[in-house]
Amino acid sequence: MAGKLEDTEYEDEEFGWAMREALFPDSIIPAPHIIKFSEKLAPKSMRHLLKAFQLFWVDTGASANRLRICIEMLLDQLKVPRFNKPKKGKKRVRLALGVRLTKLTGKRAAQKHILDALRVIGNVGSHDGGTDRDLLLTAFGLLEDVLGELLDNKTANRDALARKIVAAKGQMSE
């Protein structure tokens, strides 16, 4: 783990003001997983997500950009069209991520606004060169929730389990 030492001043109740050195890591290899993610996540998406974990320590902008790419790959996995359907004689055009998000339908549509928030954070990271580290951690948390919903149906599974427990009047055996 690489990093830098910084002096940090703090007030100690017993001894008054004191100084301490704190280590702030620049990189961790292999990078720890910042969130849990579904085993159903496609390898292409997973590759970008793992790179986002690694870049988090080095470059928040690049990390946010990799999260955005992960969303693009997730939409590919969900079979959301990447290109328009051109009329005869017209050229095929790649759809912007925001447009692709509007094509989420059914139960998946409930996740549009969260994916759009991740798109915006990715755009800021890409175009502004960085993003706030706490906001990026929030984005990872949102992604964890979205992946749980889209790939593992977490809410539906939890609701089905609750209904089963109620129907069995709490007398379920393992």
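Spin-label model, residue 165/residue 47: points 7 Å from Cα along the beta carbon direction are separated by 4.1 nm. Distance from the Cα centroid of segment 144-160 to that of segment 67-135 is 20 Å (rounded to whole angstrom). Charged side chains reduced to their Cβ positions (Lys and Arg at +1, Asp and Glu at -1) give the chain a dipole of some 2740 debye around its Cα centre.
On a per residue basis, the convex hull of the C-alpha atoms belonging to segment 22-174 measures out at 167 Å³.
Largest accessible area first, the residues 44, 107 order themselves as 107, 44 under a 1.4 Å probe with ligands, DNA and RNA left out.
Over segment 29-174, Cα pairs under 8 Å with separation of 6+ residues give a relative contact order of 27 percent. Stretched out straight at 0.36 nm per residue, the stretch from residue 157 to residue 138 would grow longer than its current Cα-Cα span by 4.4 nm. Nonpolar atom fraction for the chain, defined as the carbon and sulfur part of the 1.4 Å probe accessible area, stands at 53 percent. Computed from the C-beta positions of residue 85 and residue 173 and an R0 of 35 Å, the FRET efficiency is 0.10 to the nearest 0.05. Taking Cα centre as origin and charging only the Cβ of basic (Lys, Arg, +1) and acidic (Asp, Glu, -1) residues, the dipole magnitude of segment 69-168 rounds to 1100 debye.
Membrane-span-like helices of the chain, defined as complete DSSP H segments with a Cα extent of 18 Å or more along the helix axis and a mean Kyte hydropathy of at least 0.5, are identified as 133-152. Under 5 Å between amide hydrogens, built in the peptide plane, is the criterion, and for residue 27 it picks out 2 among residues at least 5 positions away or on other chains.
The values are calculated or read from the model by the stated rules, or taken from the named source; none is laboratory data. Worth saying up front: this structure is predicted, and the values here are computed from it rather than measured. So basically every Cβ, Gly included, is an ideal-geometry build from the backbone, and we count neighbours across all protein chains shown. Side chains are part of the model used for accessible areas, which takes the heavy atoms of the whole protein and leaves out ligands, DNA and RNA. Shrake-Rupley method; radii C 1.70, N 1.55, O 1.52, S 1.80 Å.
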